[in-house]
Structures are given as C-alpha cells and as structure tokens.
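Comments concern the structure below.
The values are calculated or read from the model by the stated rules, or taken from the named source; none is laboratory data. Since we're looking at a predicted model, the values are computed, not measured. Cβ coordinates were reconstructed from backbone atoms using ideal geometry, including for glycine residues, and neighbour counts include every protein chain displayed.
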Amino acid sequence: MNVVPGTVVEDPPVAEDPPAPRERTRRVITEVPSRADRRFNQITMGAGISVLVLLTLVGLFLMIQSSDALGETGIWTFLTRTEWRTDVTPARIGVLGLLAGTVLVAVVAVVIAVPLSVFSALAITEYSTAKRRKWLVGVVDLLAAVPSLLFGLWGFLYLSDKIVPISLWLTQNFGWFPLFKTSEDASLTGSIFIAGIVVALMVLPIITSVVREVFSQTPPGEKEAALALGGTRWGMIKTVVLPFGKGGIVGGSMLGLGRALGETIAVALLLPQVPQKIGESIHILQNGGATVSGFIANRAGADEFTTSGLLAAGLVLFIITLGTNMIASVVVSKSRSGAGVDI
Amino acid sequence: MTSTTSATSATPETSTKTTTMATASRAPRNRKRTARRPREFTTFDVWVLVGSLISALCLNWLIFYRLTAGASAFGFLLGSYVTFLAIFAIVTTDRVGRLVASDRVMTVVVVTAAAIVFIPLVLLIGYILVEGLKALRPSFFFEDQQGITPVMPATSGGGFHAIIGTIEQVGLALLWSLPLALAAAVFLNESRSKWRRPVRIFVDAMSGLPSIVAGLFIFATLILPFAKSGNPLFGYNGFMASLALAITMLPTITRTVEVVLRLVPDGLREASLALGASRARTVWSVVFPTSRTGMTTAVVLGIARAVGETAPLLFTSFGYDLMNSNPFAGSQESLPLFVYRNIRKPDIAAVQRGFAGALVLMLIVLGLFAIARFIGRDRSKRKARGPKPATPNSAQAAKQPLKGGSNA
C-alpha cells in the first residue's frame with residue numbers, strides 16, 4: 001500500500017449495514033522513503049549483510065582449502081587421530097591430540113577464572129562505592145586491553161617459575177588424583193596447568209563484565225526487600241543477586257570458555273605444542289600438551305600439505321568456538337537476567 | 001518467592017538481635033542502649049581482623065617452615081589465607097552470631113578476589129617495564145635489524161621497521177573496517193530491517209572468532225590460491241595483515257558503536273524526522289554528532305586491540321628483519337611480530353630486544369587506553385554549570401564494552 005508519509009490510512013467508509021468487526025481489514029501504515037533514504041537503507045543493509053557473508057566465507061574458504069588434507073586423511077580419521085606426523089609417508093595427521101589440549105587448557109582457565117570473576121563482579125556491583133567501582137571497572141578493562149602476546153611473554157618468562165613449586169606441591173600431595181599425577185622425572189614447566197592459569201587471566205575480564213552487567217540488572221526492589229526483612233548483605237546476595245544472575249554466570253562462563261578455546265599466542269609460547277595422547281594430556285601438571293590455535297601459530301609457513309592440514313584444524317577450531325559462543329549468547333539472552341545484556 | 005527465602009534467612013538474625021537486646025537490658029539502666037547493625041564495623045572488629053591474620057600467619061609458619069619442609073611461599077600464603085578465614089569466622093561467630101559472621105567472612109572473600117585481579121596486572125606491567133628498560137635505547141626508534149648478529153649486545157639495532165609496519169597495517173585496517181563497522185552499527189540500530197537479528201548474532205559470533213582464524217582465512221583466500229602467480233600483492237605483505245586485522249576489528253567497533261548509538265534519545269531522532277529530514281540526514285546530522293565522543297572512544301579501543309594482535313599476522317605479513325615501508329609488497333615486520341620472533345630466538349640479546357619491543361607495545365596500548373578513558377571521561381560535572389546539553393554521555397558507555405577479549 002503506497003501512502004504519503006504521515007497519512008493515516010482510514011478504513012473505507014462503512015455503509016449502513018456495519019459488518020461484523022471480524023471482517024475489518026487491518027490498517028497498514030507504510031512510509032515511502034525518499035531517494036536518499038533508499039540509498040541509505042541499501043548501504044547500511046549492505047554493510048550488515050556483508051558481515052553475514054564474511055563469516056560464511058571464512059568457513060567456506062577454510063573448508064575448500066583444507067579439502068586436500070581432509071580428503072587424503074578422511075574427515076573421521078582426522079577428527080579421531082591424536083598424532084600429527086608429516087615426516088612419514090603417507091602423512092598421519094589428526095586433530096584429536098590438539099583438541100584434548102585445547103579443551104584442557106580452556107577448562108583449567110575457566111575453573112580458575114569463574115569464581116574470581118563472580119567475586120570481582122560482586123565487589124564491583126555490591127561492595128563498592130561509586131568511586132571505587134569506577135576504579136575496579138577500569139582495572140578489569142585494562143586487563144582486557146593487555147595484548148595476549150604480553151600475557152604470554154610474562155607467563156613464559158616470569159610466572160612459569162613461580163608456579164612450578166605449586167605444581168610440585170600439588171603433585172606431591174595430590175598425586176593420587178589422575179589429573180595431578182606426573183611421571184617420575186617429568187619437567188613441570190610448560191604445562192597445561194600453567195597455560196591455563198595465564199589464559200584464566202585473559203578470560204577473566206570478559207566473564208567479569210558479563211556477570212557484572214547481569215548483577216547490576218537485579219531489580220532493586222527485590223534487593224531492598226531482602227535487606228528490609230533483616231538480611232545481611234551476603235544474605236541478600238545469596239538469596240536475590242546470585243539466583244537472579246545464574247543465567248548470566250553460566251553464559252558468561254561459556255563465553256569465557258569460547259575465548260579460552262581460541263587463545264593463541266600465549267599458549268603458543270607456553271606449551272611445547274607437540275600433540276600427545278589424551279592419557280598423557282590429562283596429567284596437566286607436567287610439561288607437554290598442544291592446542292589447536294597454538295599449534296597452527298607455531299607451524300606458520302610450513303609446506304603445502306601441512307598447511308592444508310593446519311587449515312583443517314583451523315576449521316575445527318572455528319566451528320567449535322562458533323558453537324560455544326552461540327550457545328553462550330542464547331543462554332544469556334534466554335535467562336531472566338540477561339534479556340538486555342550485550343555479550 | 002525471593003522475599004520468602006530472605007525472610008527465612010533473616011529469622012535467626014533477628015533472634016541474634018533479640019538476645020543482644022536482652023543482654024543489654026540486664027545492664028544498668030543509665031547506660032545508653034545502642035541498636036546493633038549487621039554492617040557495623042568497629043575498631044574492635046579491626047582488631048579481630050588483624051589478630052586472626054597474625055595468628056593464622058604464625059600457625060602456618062609453624063606448620064610449613066618448622067614442622068614440615070618443602071612447601072613453597074605460595075603454599076604458605078594459601079594455607080595462611082584459609083586458616084585466617086577459619087579463625088576469623090570462628091571469632092566473629094562467637095562475638096556476633098553465625099549470620100553476621102558469614103556476611104563478614106564473605107566480605108573478606110569478595111575483597112580478596114577483587115584484590116587478586118590487581119596483582120597480576122601490576123606484576124605484568126612492572127615486569128615488562130623493568131625488563132624492557134634494560135634494552136630500550138633511543139636508537140630503537142630509528143634503526144632496524146640490519147647487520148645484527150647474535151653476538152651483538154641487545155642495545156644495538158632497533159625496531160623502527162616494526163613501528164612503521166604496525167602504523168601502516170593498523171592504519172590500513174582501520175581504513176577498511178571503520179566504514180563497514182559504522183554502517184553495520186547504523187544498520188543494527190537505525191534500520192527496521194528483519195535482517196537485524198541474524199546480523200547481530202553473526203557480529204557477536206565474529207567477535208568470539210579466534211584471531212588466528214582471521215589470519216588463516218586471509219591466507220586461504222588471498223595468498224594460497226595465488227602462491228604460484230608471483231604477484232607480490234598476493235603474497236605475504238602488510239596489506240594482507242591489514243585485511244586480517246580489519247576482520248578482528250570489525251566486530252569490536254561495530255558492537256561498541258552500536259551501544260553508543262542506542263544511547264541517543266529517540267526524541268532527538270523524532271524531532272529531526274518531524275522537521276522533515278530524511279533518515280539518512282537524521283543519522284548524519286543528529287545521531288552521529290550526538291554520539292561523537294562515544295564513537296571516538298570505540299575507535300580508539302578498536303585500535304588498541306588491533307595493535308597487540310599477533311596471531312593473524314603470522315600467516316599474513318610473516319615478519320621481516322629489515323625496513324620495508326611498502327605494505328603492498330614483501331613481508332613486513334610489526335611490533336607484535338618483532339616481539340614474538342625475538343623472544344623465541346635462543347640468544348639472550350634477542351630476547352632482551354624482544355622485551356624492548358614489548359615495552360614499546362605495552363606503552364602504546366596503555367596510551368591508547370588512557371586516551372579512550374580521557375575522551376570518555378565523565379564530563380557531567382562540568383556540564384552541569386553550562387547550558388544543559390542534550391547529549392547523553394555516550395563515551396561512558398563505549399568505554400565499558402571492551403570485552404572483545406584479546407584472542408591474539
């Protein structure tokens with residue numbers, strides 16, 4: 001229906017016999033954009049769609065270019081083989097060993113980062129004055145701004161030495177637990193545990209900011225009700241803020257997991273990046289382990305077949321991080337607290 | 001529902017209060033009766049805190065350094081902290097009851113967690129500052145790595161070629177991504193297209209894309225297929241790096257700008273439309289000027305993120321020890337690559353050179369961060385005196401969503 005802007009479309013004048021109300025046509029008001037507006041709409045729409053196209057192209061081109069390696073190895077074999085050897089013919093490459101390391105590093109990182117993030121978010125939203133809040137938010141943002149390379153550098157040359165005694169203590173006292181077991185004379189540097197701690201520092205800001213935003217949306221009425229009933233501050237947090245922000249905590253943690261899975265340079269520096277069997281990888285305190293992204297970064301400029309294999313590994317990483325992030329945004333936006341939260 | 005639960009949780013508390021009241025009433029009449037508040041924090045509480053801390057430290061010193069051996073400083077600190085919490089909890093429970101005690105203990109835990117976030121940041125900045133200053137000389141800003149051999153000291157040569165590369169690559173990346181990001185943000189916020197939802201989901205997904213995948217994508221699309229053509233434009237060069245960086249910057253800037261645009265009051269838009277302006281004119285003359293500071297902050301933060309990205313460069317500009325000021329031909333160095341390549345070399349001088357580069361990189365990132373903070377500072381106090389502005393403080397909002405998380 002073409003109408004001049006601003007005109008209200010009236011129903012056709014009704015004759016003497018008014019028809020039943022059901023039959024009335026719905027009134028539709030549309031605008032007729034000017035030429036400039038149409039161009040404007042096209043341009044912005046084009047930009048929006050190009051983002052869609054770009055992300056699709058990323059997946060598509062990785063798939064096309066990795067078909068060499070995938071075709072030769074077979075997709076299923078590629079996904080389930082742990083070793084990566086290009087020195088034998090035919091080359092035996094597979095991504096499972098890399099995936100195991102990736103997931104372990106990410107899980108260690110999230111396990112360490114989530115409690116810290118939730119408590120820092122609480123400190124920001126519930127425990128600080130307006131001025132101190134600004135400072136704390138600034139520190140968390142600054143932590144987010146520090147490049148991954150610097151984290152890796154610091155972790156590699158400084159933090160690693162400080163963590164080795166902790167690893168030693170853990171393995172001496174809790175060595176019966178498979179995760180903390182180490183072989184007899186294993187080196188404790190360059191371990192998944194250390195990489196996980198450094199990655200935890202990197203995903204901490206993003207989890208904190210999602211959780212903080214969710215907490216700050218807690219209805220003040222409910223908080224005040226809890227306090228008015230005589231609850232302490234912690235009582236109020238336990239009964240109002242935390243239940244309200246549950247969805248945000250879960251979603252924020254998953255978002256952090258997605259980031260941790262894709263973390264590249266820091267783990268490329270920290271881990272030896274030699275794929276291991278899963279049974280070896282789970283001994284997180286000892287030297288060893290490889291992640292998909294770090295492995296790719298370390299093999300930049302390799303021969304054609306290896307490169308094709310790396311692109312296949314990149315494709316797997318792409319799909320996994322995309323899936324994790326999508327689930328995270330759905331979890332956050334579906335939860336009661338996260339409706340208006342950007343993640 | 002919620003209030004019911006808090007009511008139950010509050011009940012024992014009230015009983016605590018009544019008991020204290022009862023004790024108070026047994027005291028002589030002339031003594032002034034004061035109401036006890038759960039959040040009250042007296043000098044005595046400070047002494048309790050300090051006392052628990054000292055006793056915890058002593059106990060753990062005894063355990064870790066006298067009775068058992070081989071514990072690290074970390075074990076001592078962790079043990080002390082746990083013991084401290086336990087002692088503090090017991091003492092406070094004895095004094096003011098379980099409920100108030102749990103509140104106090106949790107306060108301590110929350111404050112500690114917030115403090116723990118500070119520590120690595122301070123350590124990291126301090127470490128890079130100290131190590132970087134050892135090898136950073138003015139020559140770093142004027143020389144490249146020509147004629148540098150492993151036996152030469154760390155202070156010889158410099159990273160001028162890397163600085164030039166970073167400036168060119170990030171500048172070009174901004175050139176590609178900024179128009180697209182602005183248009184996409186306008187699309188998300190100002191249009192009423194049904195495509196907005198999928199586009200938003202994809203922008204979110206893209207911001208979680210590991211940055212090495214962006215580099216791999218450019219490599220797989222533009223470098224690998226043309227590898228045999230010998231055309232320098234489609235080889236390892238700064239231009240390819242700028243494309244990869246643009247992909248990592250695009251979602252960051254789009255989302256931040258979108259948040260800023262959302263803050264522009266609808267009244268302003270409606271006023272403009274009611275005066276007969278087209279939508280394009282409204283965006284250009286009303287929405288953009290209103291959110292200018294916020295958009296600047298968004299762009300500065302986008303740059304700050306792109307400057308430190310390393311992973312996408314490994315497959316695109318590759319790194320080079322000499323000056324190459326032409327971003328369109330031949331591999332090119334940049335600061336992150338300079339650092340990454342140097343600290344992986346076996347000789348100590350190279351590692352120290354890497355630290356000098358890291359220090360420069362860190363100063364650039366911190367400087368950009370400070371600039372973004374400065375632009376986005378709270379100007380409401382100054383504005384209050386002058387004529388009331390119609391602009392909301394859009395920059396305040398832009399500062400906050402730097403949650404891109406560096407995937408580098």
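General observations
- Here the condition is being more than 8 Å from chain B (Cβ to nearest Cβ), at pLDDT 90 or above and over 30 Å from A:GLN276 (Cβ atoms); of A:THR102, A:THR125, it holds for A:THR125 alone.
- Restricted to region A:165-178, and to residues there that are touching a residue at least 24 places away in the same chain (Cβ under 8 Å) and crowded, with 16+ Cβ neighbours inside 10 Å, the residue that is nearest to A:GLY289 (Cα to Cα) is A:SER167.
Okay, residues lined up against (1) over 30 Å from A:LYS246 (Cα atoms); (2) modelled with pLDDT under 85; (3) not in a helix (DSSP H, G or I):
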{"site": "A:ALA144", "(1), (2), (3)": "no, no, no"}
{"site": "A:TRP154", "(1), (2), (3)": "yes, no, no"}
{"site": "A:LEU201", "(1), (2), (3)": "no, no, no"}
{"site": "A:PRO205", "(1), (2), (3)": "no, no, no"}
{"site": "A:GLN217", "(1), (2), (3)": "no, no, yes"}
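- The residues in region A:229-248 that are facing chain B (nearest Cβ under 9 Å) and either among the aliphatic types (A, V, I, L, M) or part of a helix (DSSP H, G or I) (or both) can be counted, and the count is 11.
- Here the helices (runs of 4 or more DSSP H) wholly within region A:254-313 that include at least 2 residues being crowded, with 24+ Cβ neighbours inside 10 Å are A:265-270, A:292-298.
- Residue that is farthest from the other protein chains (Cβ to nearest Cβ), among those in region A:149-173 that are more than 21 Å from B:VAL130 (Cβ to Cβ) and in contact with a helix residue (DSSP H, G or I) (Cβ under 7 Å, 6 or more places away or on another chain): A:THR171
- A count restricted to region B:173-182 and to residues that are free of Cβ contacts under 8 Å to residues at least 40 places away in the same chain and either crowded, with 22+ Cβ neighbours inside 10 Å or not assigned by TED's automatic domain parsing to the domain that holds B:VAL257 (or both) stands at 0.
- Scanning region B:138-155 for residues that are touching a residue at least 60 places away in the same chain (Cβ under 8 Å), buried (at least 16 other Cβ atoms within 10 Å of the Cβ) and farther than 14 Å from B:GLY354 by Cβ yields one hit, B:ASP144.
- Checking each residue in region B:91-106 for being of a type in the set (Lys, Arg) and within 10 Å of chain A (Cβ to nearest Cβ) picks out only B:ARG104.
- B:ARG197 among the basic types (Lys, Arg) and part of a helix (DSSP H, G or I): yes
- Scoring B:LEU123 on the criteria (1) buried (at least 18 other Cβ atoms within 10 Å of the Cβ); (2) over 16 Å from A:VAL118 (Cα atoms); (3) facing another protein chain (nearest Cβ under 8 Å) leaves a single failure, condition (1).
- Condition met for A:ALA225 (surrounded by fewer than 24 Cβ atoms within 10 Å (Cβ to Cβ) and either within 16 Å of A:GLY294 (Cβ to Cβ) or within 11 Å of another protein chain (Cβ to nearest Cβ) (or both)): yes
- All conditions but one from (1) in contact with a helix residue (DSSP H, G or I) (Cβ under 9 Å, 6 or more places away or on another chain); (2) farther than 30 Å from A:GLU31 by Cα; (3) hydrophobic (A, V, I, L, M, F, W, C) apply to B:ALA271; the one that does not is (2).
- Residue check for B:SER325: among the polar types (S, T, N, Q), more than 24 Å from A:ALA144 (Cα to Cα), in contact with a strand residue (DSSP E or B) (Cβ under 9 Å, 6 or more places away or on another chain) and buried (at least 21 other Cβ atoms within 10 Å of the Cβ): no
- Among the candidates A:GLY323, A:GLY309, A:GLY314, the residue that is at the interface with chain B (Cβ under 9 Å from one of its Cβ atoms) and of a type in the set (Gly, Ala, Ser) is uniquely A:GLY314.
- Index of the failed condition, A:GLU222 passing every other in (1) within 23 Å of B:THR107 (Cβ to Cβ); (2) assigned to a helix (DSSP H, G or I); (3) of a type outside the set (Ser, Thr, Tyr); (4) touching a residue at least 60 places away in the same chain (Cβ under 8 Å): (4)
- Hits in region A:239-275 (condition: within 17 Å of B:ALA205 (Cα to Cα) and basic (Lys, Arg)): A:ARG259
- Any chance B:VAL170 is within 18 Å of B:GLY308 (Cβ to Cβ), more than 8 Å from every other protein chain (Cβ to nearest Cβ) and either modelled with pLDDT under 95 or crowded, with 24+ Cβ neighbours inside 10 Å (or both): yes
- For first residues located in region B:273-287 and under 14 Å from A:SER34 (Cβ atoms), partners that are basic (Lys, Arg) and lie 6+ apart or on another chain with Cβ distances below 9 Å form the pairs B:LEU273/B:ARG279; B:SER278/A:ARG35; B:ARG279/B:ARG269; B:ALA280/A:ARG39; B:THR282/B:ARG269; B:VAL283/B:ARG269.
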